[in-house]
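The values are calculated or read from the model by the stated rules, or taken from the named source; none is laboratory data. Just so we're clear, the structure is a prediction, and the values are computed from it rather than from any experiment. Glycine also receives a Cβ, built like all others from the backbone with ideal geometry; neighbour counts cover every protein chain displayed. Just so you know, the surface numbers come from the protein's heavy atoms only, side chains and all, with ligands and any DNA or RNA stripped out. Shrake-Rupley method; radii C 1.70, N 1.55, O 1.52, S 1.80 Å.
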Amino acid sequence: MADRFETKTVHLGHEPLRQVKGKARPIYQTSVFAFSSLEDIERYYAGEGEYLYTRNGNPNQHELADAVARLEGAEAGVSAASGMGAIMGGLLSVLGPGDHVLASHEIYGGTYSLLFNELSRLGITAECIDLSRLDSLDKHIRSNTKLFFMETITNPLLTVADMPYWIAQAKNYGLTVMIDNTFATPYLVQPAQYGADLIVHSATKYIGGHSDVTAGVLVGKNELIARAREVVTGYGASLSPFEAWLTARGLKTLALRMEKQCDNASRIAEFLKNHPAVLKTYYPDAADTSFFTRPKQGAMVSFQLADESKIYDFYRAFRWIKLAPSLAGVETSLSHPVTTSHRALSEEQRTTSGITMGLVRLSVGIEAVEDIQEELERALGV
Ligand SMILES: Cc1ncc(COP(=O)(O)O)c(C=O)c1O
């Protein structure tokens, strides 16, 4: 080791560790990996070494992607810097100029915008269809239709379409099927069991579970994921090691969180259904979720205030439930679709879709359900 002060400052203490066995995986907070020889670099390119540069791959990204892939029963996975990064990776692993996408009309606004504002510029076209009014894809299939996209539980009206049926339909036409399983998570249903080729998560939500990270994961068949990985790294949407580590840490308690959050949500949905200040409650029906692997209907509840004019007072009345336009954290939170996620909708679109000023979206957390109920009771009484 060189012994001048400046050189020592940079290098001392940074020698590689001997084999140590931390119980938790360390954070590989490094942008690049060191090689002991040029031959080692050759071995990496020959497919024998795993890591070169973090944008291309990092043990923390892989830990998260592998865990979600295994929970979803999928062959492989890739993590991304956000749910949108993962959706983009999935779509562009399949689609190119001239291709057409069929998507459910109830999809996240960001996905809608990716399809219609961004991918359209690459010559990819899309059509949104109302799965509740159709029994076949027949009339919508074109010769260039390549991919079918839907969400397991939709936002904000929490509709659950017959996913196994639609996957089978899409497969009949030879389409690649991509499912956004963010709201249900593999705790409730694993779309790969029904033949989905790609499953995507905004891991920002239940996978991470603590509202402290933005991340995405895409899982599916080996060949598709290999291609998606090239898209994610090529477009620069790789997940940072620290975010990957936090998300993987959150994932460890997914089952515990989901169990409690779903149980709390079904109690709160019952309470809201019987409340005079609530016009309508949206919570998936047990009959619609019969293809889920557990008898639970998710942890999101939406509802319509009977008196829409009270909406501003209603949101002001909360003491500890926060108004925050996201979901799925351990803390119960509220959002208001019209002023946030569905802001871009015209008045007419809002009325026809049922996303009106009085619609409230509640993400139910792990707190004592009695406290959540009392907090809602107070706000509904304003
Ligand atoms: C169902 C769904 N998919 C995808 C996304 C996008 O995820 P992210 O915000 O992590 O990019 C969201 C975000 O709210 C979502 O609700």
### Summary
Expected single match for within 22 Å of Gly90 (Cβ to Cβ), in contact with a strand residue (DSSP E or B) (Cβ under 6 Å, 6 or more places away or on another chain) and not basic (Lys, Arg) among Gly236, Gly250, Gly220 is Gly220
### Task
State all residues of segment 198-212 that are open to solvent by 10 Å² or more (accessible area, probe 1.4 Å) and either among the charged types (D, E, K, R) or under 15 Å from Glu63 (Cβ atoms) (or both); if no residue qualifies, say none.
Lys205, Asp212
### Query
When you look at Phe242, is it in the same structural domain as Ile167 (by TED's automatic domain parsing) and open to solvent by 10 Å² or more (accessible area, probe 1.4 Å), yes or no?
yes
### Message
I'd like the full set of residues that are loosely packed, with under 15 Cβ neighbours inside 10 Å, within 22 Å of the chain's Cα centre (by Cα) and of a type in the set (A, V, I, L, M), limited to segment 337-370.
### Response
Ala344
### Task
Only residues that are open to solvent by 40 Å² or more (accessible area, probe 1.4 Å), under 15 Å from Ile27 (Cα atoms) and out of contact with any Gly (no Cβ under 9 Å at 6 or more places or on another chain): list them for segment 54-67, please.
Glu63
### Task
Determine which single condition Lys8 fails, assuming it passes every other condition in (1) part of a helix (DSSP H, G or I); (2) modelled with pLDDT of 95 or more.
(2)
### Task
Looking only at segment 46-59, decide whether some residue is assigned by TED's automatic domain parsing to the domain that holds Leu239, assigned to a helix (DSSP H, G or I) and closer than 30 Å to Thr111 by Cβ.
yes
